[in-house]
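The values are calculated or read from the model by the stated rules, or taken from the named source; none is laboratory data. Worth saying up front: this structure is predicted, and the values here are computed from it rather than measured. Positions of Cβ are generated from backbone atoms using ideal geometry, with glycine treated the same way; all protein chains shown enter the neighbour counts. SASA here: full protein model, heavy atoms, side chains in, ligands and nucleic acids out. Shrake-Rupley method; radii C 1.70, N 1.55, O 1.52, S 1.80 Å.
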Amino acid sequence: MKNSLAFEFSLARRFLEENKLQTLLIVLGIAIGVAVMVFLTALIDGLQADLIQKTVGKAPHIVVTSAEAGSQEAVKSVDGHKVLMIDTTQKDQRPIGEYHTLVNAIWADQRIRAVLPVVDGSGLIRRGQVTRGVLLRGFDLDQADRIYDISNSVIEGNRKPINNSVLIGKDLAVDLGVSAGDPILLELPGQDPLALMVDGIFDLGVSAINQRWLVMDQRQAAALLGIGDQVTSLELQVQDVFLSEQIARAWSSKLPNYQLESWQETNAQLLTALKSQSSSSYTIQFFVLLAVILGVASVLAINAVQKSKQIGILKAMGIRTNSVARAFMIQGVVLGLMGSISGFGLGIFLTKIFILLAGQQLTLLLKPLSVVVILGSTMLSATLSAYLPARRVSQLNPIEVIRNG
Amino acid sequence: MDNVLLKTINTTKEFGQEIKSPVLFGINLEIQAGEFVSMIGSSGSGKSTLLNILGALDRPTTGEVIIDGTNLGHLSDDQLAYFRNRTIGFIFQSHFLLPQFTVLENVLIPYLIYAGKAPTEIKARALDLLDRVGLIHRKDNRANAISGGEQQRVAIARSLINHPRIILADEPTGNLDSKNTQKVFEMLKSINRDYQTTFIMVTHDHALAASCDRLLKLKDGLIIEDLDLLKQPLPKEEDRCAPSILE
Ligand SMILES: Nc1ncnc2c1ncn2[C@@H]1O[C@H](COP(=O)(O)OP(=O)(O)OP(=O)(O)O)[C@@H](O)[C@H]1O
Ligand SMILES: [Mg+2]
């Protein structure tokens, strides 16, 4: 003969209902804890997603260069951010010859959302007294838009440079004092100065780019640098930015003659900072869960003491030890369930209020996985913390209770 | 006539692990189905200890207890729990009702522990029993919202819900005034008569003990008197037997 789960449920329910205020308080306590976790997670995840989007949204996720080409520094020189700190000359870079095949091969990978062949070089621009070092960037503008969205970032002049004309960043334009339609002089190492027309001025929102980039058509750049139908690098964007390291590694093994660098490698410091931020939020979550555990455990322990007479008589009347334990575990589960559901609602409410008050600069992000982790860990904590009091009260000897009236 | 429901063989009990304190010394007892037995004895003589062992609430140190053909020593704790639920009814000095439940629900609890839900015929039985103890009008009250005497009567109804073969009552009238004592005792007697339920009742009330079918007297863990009052009733007042038997 089996114990009735239905009876265990009704016992749990009556016990919880008897101390309505106590039940309400502990549910409220769990709810506040869960709300804090939901809110913090949404805030931190939102900030991090924002930061990552800012870092890699308009930048290549993986850069492919020739493996034999020059030193590490030369390789790094093709990256959108770091390039400007290292002055390398074109000579250090070995161009990629058969890049069409390579592009086709990479395009076949479903995980890749953009492939951009790039011809890079460095040079100087003179206008009157002002001289500025620039990064010559040659690529197909339409394809480049998939990564940089340059067409929509042009703030003055034409969106597309025609022959012998270029696009420059807005900071460079200010430095040189040029506007769209003005001529500039480009000097490449070992060549005569070349007159070019500034066709448009863009603002990509990153000052390093706005200060140094000189954008022109790929073929024109290749011709200027004298590399024929070759490119210096391929820039890729992947569908899921967090997979780029893994994808880069997979392709590395397929392409022994090339070097692939993911944004994670170039932005290791940023990632470390994000990780330590996440771990501080885990610490907070840990302590919130600890509070939940202590709260539920103490309420159930008190409950168990208060109900020891009734448990004693139930045992005399034949309820089994496990049945009593389950009735108390159910109380823990129910407290956890009510607390985490209402806490989740409260947390969403808090975040909504916060967005309203903080204005739109803030994005809050609640990933389904985080929700599952928060609710799951709360439920688990509540259930586990019910275990000890449940076990203790279920071991109660009915004779003790009866003898002490 | 020989219809033994309960039998003990050399049952002993001692408490304590290091310092052993023996409480019961070789109890040999046979109780017939349908008997109404009272148990008396001075405080500390071992009445409750024996009753708990007979009720499968406690295990004897040595010896055997056989109820309704089942040797309790052969049962696991969970099996004992189920055995208690099916075979034995308890009435204690304190009623031990569950205040979270109504009067009717309390009567049903021994049934619900294993069944979960009570079908209509069981509910009807519970109402019958409540009617029998005169509390049908209180059925929907919270168990702690009725008087102490009424609560004890609910406990009696509760002890009967599963048709137990035997009811063990440890000073069931101990907390009641004389009027309620008489009322409760009459109820137990009528149940014994109507359902042939066997009763073992510990009491300090000599008049009650004298009105039972059989009287056991315990002293220092031994049964020192076992009187069949049906054959040999005690003289009601000022008798020569009573002072010695009833202290
Ligand atoms: N769990 C226990 N541990 C140790 N000693 C116990 C325990 N239970 C009972 N005793 C002892 O056993 C003896 C008999 O106790 P019991 O409760 O059976 O007496 P009783 O006859 O019911 O007395 P009363 O009339 O006062 O209820 C007492 O000396 C008591 O102290
Ligand atoms: Mg006693």
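Taking the residues in the stretch B:156-188 that are more than 16 Å from ligand 2 (Cβ to nearest atom) and touching a Phe, Trp or Tyr at 6+ places or on another chain (Cβ under 7 Å) as candidates, determine which candidate is nearest to B:LEU104 (Cα to Cα).
My answer is B:ILE161.
Within the bounds of the stretch B:209-222, is there any residue that is more than 16 Å from ligand 1 (Cβ to nearest atom) and surrounded by fewer than 18 Cβ atoms within 10 Å (Cβ to Cβ)? Give the steps one after another, and end with the answer.
We begin by selecting, within the stretch B:209-222, every residue more than 16 Å from ligand 1 (Cβ to nearest atom); these are B:210-214.
Add one more test, that the residue is surrounded by fewer than 18 Cβ atoms within 10 Å (Cβ to Cβ), and what stays is none.
No: the stretch B:209-222 contains no residue that is more than 16 Å from ligand 1 (Cβ to nearest atom) and surrounded by fewer than 18 Cβ atoms within 10 Å (Cβ to Cβ).
With the structure loaded, tell me whether A:GLY80 is crowded, with 17+ Cβ neighbours inside 10 Å and modelled with pLDDT of 80 or more or whether it fails that test. Let's see the steps before the verdict.
Working: crowded, with 17+ Cβ neighbours inside 10 Å: yes; modelled with pLDDT of 80 or more: no.
The answer is no for A:GLY80.
Could you please give the count of residues in the stretch A:362-405 that are open to solvent by 60 Å² or more (accessible area, probe 1.4 Å) and away from chain B (no Cβ under 14 Å)?
Here is the first cut: in the stretch A:362-405, the residues open to solvent by 60 Å² or more (accessible area, probe 1.4 Å) are A:363, A:365, A:367-369, A:372-373, A:380, A:384, A:387-388, A:391-392, A:395, A:397, A:400, A:403-404.
Now restrict to residues that are away from chain B (no Cβ under 14 Å): A:363, A:365, A:367-369, A:372-373, A:380, A:384, A:387-388, A:391-392.
Total meeting the criteria: 13.
Any residue in the stretch B:108-126 that is more than 10 Å from every other protein chain (Cβ to nearest Cβ) sitting within a Cβ distance under 6 Å of a residue that is part of a helix (DSSP H, G or I) and aromatic (Phe, Trp, Tyr)? List the pairs, counting only those 6 or more apart or interchain.
B:ALA118/B:TYR111; B:ILE122/B:TYR111
Quick check on this structure: which one of A:GLY339, A:GLY359 is on the phi > 0 side of the Ramachandran plot and either modelled with pLDDT of 90 or more or open to solvent by less than 40 Å² (accessible area, probe 1.4 Å) (or both)?
Working: A:GLY339 fails: on the phi > 0 side of the Ramachandran plot.
The unique qualifying residue is A:GLY359.
For the stretch B:44-76: of the residues being more than 16 Å from ligand 2 (Cβ to nearest atom) and assigned to a helix (DSSP H, G or I), which is nearest to the other protein chains (Cβ to nearest Cβ)? Break it down into steps so the answer makes sense when it comes.
Let us first name the residues in the stretch B:44-76 that are more than 16 Å from ligand 2 (Cβ to nearest atom), namely B:56, B:59-76.
Among the residues that remain, those that are also assigned to a helix (DSSP H, G or I) are: B:72-74.
Working: B:LEU72: 14, B:GLY73: 17, B:HIS74: 17 Å.
Filtering the stretch B:44-76 for residues that are more than 16 Å from ligand 2 (Cβ to nearest atom) and assigned to a helix (DSSP H, G or I), the one nearest to the other protein chains (Cβ to nearest Cβ) comes out as B:LEU72.
Is it fair to say B:LEU5 is within 16 Å of ligand 1 (Cβ to nearest atom), in contact (Cβ under 8 Å) with a residue 12 or more places away in the chain and either within 14 Å of the chain's Cα centre (by Cα) or part of a strand (DSSP E or B) (or both)? Working first, answer last.
On the way: within 16 Å of ligand 1 (Cβ to nearest atom): no; in contact (Cβ under 8 Å) with a residue 12 or more places away in the chain: yes; either within 14 Å of the chain's Cα centre (by Cα) or part of a strand (DSSP E or B) (or both): yes.
The answer is no for B:LEU5.
Under 9 Å by Cβ, and 6 or more places apart or on different chains, what pairs join a residue from the stretch A:235-262 that is touching a residue at least 24 places away in the same chain (Cβ under 8 Å) with one that is part of a strand (DSSP E or B) and open to solvent by 20 Å² or more (accessible area, probe 1.4 Å)?
Pairs found: A:LEU236/A:ARG113; A:GLN237/A:ARG113; A:VAL238/A:ARG113; A:GLN239/A:ARG113; A:ALA248/A:GLU261; A:TRP251/A:TYR258.
Can you tell me which condition A:VAL238 does not meet? The list is (1) closer than 29 Å to A:ASP175 by Cα; (2) touching a Lys or Arg at 6+ places or on another chain (Cβ under 6 Å), and all the others hold.
Every listed condition holds for A:VAL238 apart from (1).
Check off (1) over 17 Å from B:GLY73 (Cα atoms); (2) within 16 Å of ligand 2 (Cβ to nearest atom); (3) in a strand (DSSP E or B) for B:ILE27 and give me the number that stays unchecked.
It fails just one condition, (1).
Which of the numbered conditions does A:LEU43 fail, given that it passes all the others? Conditions: (1) modelled with pLDDT under 85; (2) surrounded by 16 or more Cβ atoms within 10 Å (Cβ to Cβ); (3) more than 14 Å from every other protein chain (Cβ to nearest Cβ).
Checking A:LEU43 against (1) modelled with pLDDT under 85; (2) surrounded by 16 or more Cβ atoms within 10 Å (Cβ to Cβ); (3) more than 14 Å from every other protein chain (Cβ to nearest Cβ), the one that fails is (1).
Could you check the stretch A:217-271 for helices (runs of 4 or more DSSP H) lying wholly inside it with 3 or more residues that are in the same structural domain as A:LEU194 (by TED's automatic domain parsing) and open to solvent by 40 Å² or more (accessible area, probe 1.4 Å)? Step through it out loud before you land on a result.
On the way: elements: A:218-225, A:244-254, A:263-266.
In the stretch A:217-271, A:244-254 are the helices (runs of 4 or more DSSP H) which contain 3 or more residues that are in the same structural domain as A:LEU194 (by TED's automatic domain parsing) and open to solvent by 40 Å² or more (accessible area, probe 1.4 Å).
Looking at the stretch A:201-216 only, could you name the residues that are under 19 Å from A:ASN152 (Cβ atoms), open to solvent by 50 Å² or more (accessible area, probe 1.4 Å) and in a helix (DSSP H, G or I)?
A:SER207
Could you figure out which of (1) more than 16 Å from ligand 1 (Cβ to nearest atom); (2) in contact (Cβ under 8 Å) with a residue 60 or more places away in the chain isn't true of A:THR383?
(2)
Restrict the check to the stretch A:141-148 and report whether at least one residue is outside any helix (DSSP H, G or I) and either modelled with pLDDT of 85 or more or not hydroxyl-bearing (Ser, Thr, Tyr) (or both).
Residues of the stretch A:141-148 that are outside any helix (DSSP H, G or I), as a first pass: none.
Within the stretch A:141-148 (the criterion being outside any helix (DSSP H, G or I) and either modelled with pLDDT of 85 or more or not hydroxyl-bearing (Ser, Thr, Tyr) (or both)), the answer is no, since none of the residues qualifies.
Which of the residues belonging to the stretch B:138-180 are of a type in the set (A, V, I, L, M), open to solvent by less than 10 Å² (accessible area, probe 1.4 Å) and either away from ligand 1 (no atom under 16 Å from the Cβ) or farther than 26 Å from B:TYR114 by Cβ (or both)? Before the answer, list the steps.
As a first pass, look at the stretch B:138-180 and keep what is of a type in the set (A, V, I, L, M): B:143, B:145-146, B:154-157, B:160-161, B:166-169, B:176.
From what's left, open to solvent by less than 10 Å² (accessible area, probe 1.4 Å): B:143, B:154-157, B:160-161, B:166-169.
Correct list: B:ALA143, B:VAL154, B:ALA155, B:ILE156, B:ALA157, B:LEU160, B:ILE161, B:ILE166, B:ILE167.
Restricting to the stretch B:87-120, name every residue that is modelled with pLDDT of 95 or more and of a type in the set (D, E, K, R).
B:GLU105
Taking the criterion of being surrounded by fewer than 17 Cβ atoms within 10 Å (Cβ to Cβ) and either away from ligand 1 (no atom under 16 Å from the Cβ) or in contact (Cβ under 8 Å) with a residue 12 or more places away in the chain (or both), would at least one residue in the stretch B:81-95 satisfy it? Lay out the reasoning, then the answer.
First, pick out the residues of the stretch B:81-95 that are surrounded by fewer than 17 Cβ atoms within 10 Å (Cβ to Cβ): B:86.
Those still in the list that are either away from ligand 1 (no atom under 16 Å from the Cβ) or in contact (Cβ under 8 Å) with a residue 12 or more places away in the chain (or both) too: B:86.
Within the stretch B:81-95, one or more residues are surrounded by fewer than 17 Cβ atoms within 10 Å (Cβ to Cβ) and either away from ligand 1 (no atom under 16 Å from the Cβ) or in contact (Cβ under 8 Å) with a residue 12 or more places away in the chain (or both).
Scan the stretch B:6-30 for residues that are open to solvent by less than 70 Å² (accessible area, probe 1.4 Å) and of a type in the set (A, V, I, L, M, F, W, C) and report the count.
Final tally of qualifying residues: 6.
Can you tell me how many residues in the stretch A:1-35 are more than 14 Å from chain B (Cβ to nearest Cβ) and either touching a Pro at 6+ places or on another chain (Cβ under 6 Å) or open to solvent by 60 Å² or more (accessible area, probe 1.4 Å) (or both)?
5
Suppose the filter is open to solvent by 10 Å² or more (accessible area, probe 1.4 Å), in a helix (DSSP H, G or I) and away from ligand 2 (no atom under 16 Å from the Cβ); does A:VAL324 pass it? Quick ask: steps written out before the conclusion?
Working: open to solvent by 10 Å² or more (accessible area, probe 1.4 Å): no; in a helix (DSSP H, G or I): yes; away from ligand 2 (no atom under 16 Å from the Cβ): yes.
Answer is no for this residue.
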